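A.B. asks: Below you'll find the structure I mean.
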Amino acid sequence: MSKLPLDARLLVRVPRLAGLVAALLVRAPPGTPLRRRLLSRVVVLGFLLNEREDYEHVARLMYESDSELRLHGYDAMGLPDRYTGRAGLLAFLDDWEREVGVARWLPREVIDLGDRVLVRVQFTGVGHRSSAALTHTSGWLFHLSPRGRIAVHDFYWEWQDALDTLGSP
């Protein structure tokens, strides 16, 4: 954990601090410098924890206990199209690793939509079965709860599909 930046180590060691940051994030008006900085940093920290396979902390610090994950366009991978709760997030990550193998997700763009956040994500991986290398750009749409945690996480395999949903209720 020592290779994590100081702010990430603090959030992991003091989970209440993560709650305070999340509450501040949702109270700050969209487009303000404070919210932009907080949002970008929280996204980066979540991806850093994920990269370290620190999934328990990602689930506990960033997701509501009754959160929902919805997969769009992942049919060919044989994954369920829906997971629920923090345990569902962990199950998804296990399923993903089993089906896809070594993977890395990098945030490339963060779009603040108020109660939703769209992240353009670059996926790089090597399949377990095929050993084929893949680089792909996907979209992750986070629906924030009033507490600033992720209530719904929509995974879109295609970035354009994520963009297309923005005008939909």
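A.B. asks: (1) in contact with a helix residue (DSSP H, G or I) (Cβ under 9 Å, 6 or more places away or on another chain); (2) surrounded by fewer than 16 Cβ atoms within 10 Å (Cβ to Cβ); (3) basic (Lys, Arg); (4) modelled with pLDDT of 80 or more: which one isn't true of Arg129, the others all being true?
C.D. replies: (4)
A.B. asks: For residues in region 42-74 being basic (Lys, Arg) and out of contact with any helix residue (DSSP H, G or I) (no Cβ under 7 Å at 6 or more places or on another chain), which is modelled with the highest pLDDT?
C.D. replies: Going through region 42-74, the residues basic (Lys, Arg) turn out to be 52, 60, 70.
If we keep only those that are out of contact with any helix residue (DSSP H, G or I) (no Cβ under 7 Å at 6 or more places or on another chain) too, we end up with 52, 70.
Details: Arg52: 80, Arg70: 97.
So the residue we want is Arg70.
A.B. asks: Of the residues Leu134, Leu166, Leu141, Leu71, which single one is surrounded by fewer than 15 Cβ atoms within 10 Å (Cβ to Cβ) and more than 20 Å from Glu51 (Cβ to Cβ)? Steps first, answer last, please.
C.D. replies: Numbers: Leu134 fails: more than 20 Å from Glu51 (Cβ to Cβ); Leu141 fails: surrounded by fewer than 15 Cβ atoms within 10 Å (Cβ to Cβ); Leu71 fails: surrounded by fewer than 15 Cβ atoms within 10 Å (Cβ to Cβ).
Selected residue: Leu166, the only one of Leu134, Leu166, Leu141, Leu71 that is surrounded by fewer than 15 Cβ atoms within 10 Å (Cβ to Cβ) and more than 20 Å from Glu51 (Cβ to Cβ).
A.B. asks: Name every residue in region 17-31 that is among the aliphatic types (A, V, I, L, M) and part of a helix (DSSP H, G or I), in order of residue number.
C.D. replies: Restricting attention to region 17-31, the residues satisfying the condition of being among the aliphatic types (A, V, I, L, M) are 17-18, 20-26, 28.
Answer for region 17-31, where residues must be among the aliphatic types (A, V, I, L, M) and part of a helix (DSSP H, G or I): Leu17, Ala18, Leu20, Val21, Ala22, Ala23, Leu24, Leu25, Val26.
A.B. asks: Does Gly114 count as touching a Pro at 6+ places or on another chain (Cβ under 6 Å) and at pLDDT below 95?
C.D. replies: Yes: the conditions hold for Gly114.
Residues are listed down the side, and each one gets a yes or a no for (1) over 14 Å from the mean Cα position of the chain (by Cα); (2) touching a residue at least 12 places away in the same chain (Cβ under 8 Å); (3) in a strand (DSSP E or B):
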| site | (1), (2), (3) |
| --- | --- |
| Ile111 | no, no, yes |
| Thr124 | yes, yes, yes |
| Leu134 | yes, no, yes |
| Pro146 | yes, yes, no |
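A.B. asks: Just give me the residues in region 12-49 being within 24 Å of Thr84 (Cα to Cα), of a type outside the set (A, V, I, L, M, F, W, C) and surrounded by fewer than 18 Cβ atoms within 10 Å (Cβ to Cβ), in sequence order.
C.D. replies: Within region 12-49, Pro15, Arg16, Gly19 qualify.
A.B. asks: Separate question: For Asp7, state whether it is surrounded by fewer than 18 Cβ atoms within 10 Å (Cβ to Cβ) and closer than 28 Å to Gln160 by Cα. Give the steps one after another, and end with the answer.
C.D. replies: On the way: surrounded by fewer than 18 Cβ atoms within 10 Å (Cβ to Cβ): yes; closer than 28 Å to Gln160 by Cα: no.
In short, no.
A.B. asks: Restricting to region 48-97, name every residue that is assigned to a helix (DSSP H, G or I) and small (Gly, Ala, Ser). Before the answer, list the steps.
C.D. replies: Step one: list which residues in region 48-97 are assigned to a helix (DSSP H, G or I), which gives 48-51, 55-62, 75-77, 85-97.
The answer is Ala59, Ala76, Gly85, Ala87, Gly88, Ala91.
A.B. asks: May I ask you to list the residues in region 87-116 that are farther than 19 Å from Glu51 by Cβ and either in contact with a strand residue (DSSP E or B) (Cβ under 8 Å, 6 or more places away or on another chain) or among the hydrophobic types (A, V, I, L, M, F, W, C) (or both)? Walk me through it before giving the result.
C.D. replies: Kept after step one, since they are farther than 19 Å from Glu51 by Cβ, are these residues of region 87-116: 87-88, 91, 111-116.
The answer is Ala87, Gly88, Ala91, Ile111, Leu113, Asp115, Arg116.
Here is a yes/no grid of residues against (1) on the phi > 0 side of the Ramachandran plot; (2) of a type in the set (Lys, Arg):
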{"position": "Ala23", "(1), (2)": "no, no"}
{"position": "Val43", "(1), (2)": "no, no"}
{"position": "Glu53", "(1), (2)": "yes, no"}
{"position": "Leu69", "(1), (2)": "no, no"}
{"position": "His72", "(1), (2)": "no, no"}
{"position": "Gly78", "(1), (2)": "yes, no"}
{"position": "Leu89", "(1), (2)": "no, no"}
{"position": "Arg98", "(1), (2)": "no, yes"}
{"position": "Trp105", "(1), (2)": "no, no"}
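The values are calculated or read from the model by the stated rules, or taken from the named source; none is laboratory data. Bear in mind that the values here come from a model prediction, so they are computed numbers and not experimental data. Every residue, glycine among them, receives a Cβ derived from its backbone with ideal geometry; neighbour counts consider all protein chains shown.
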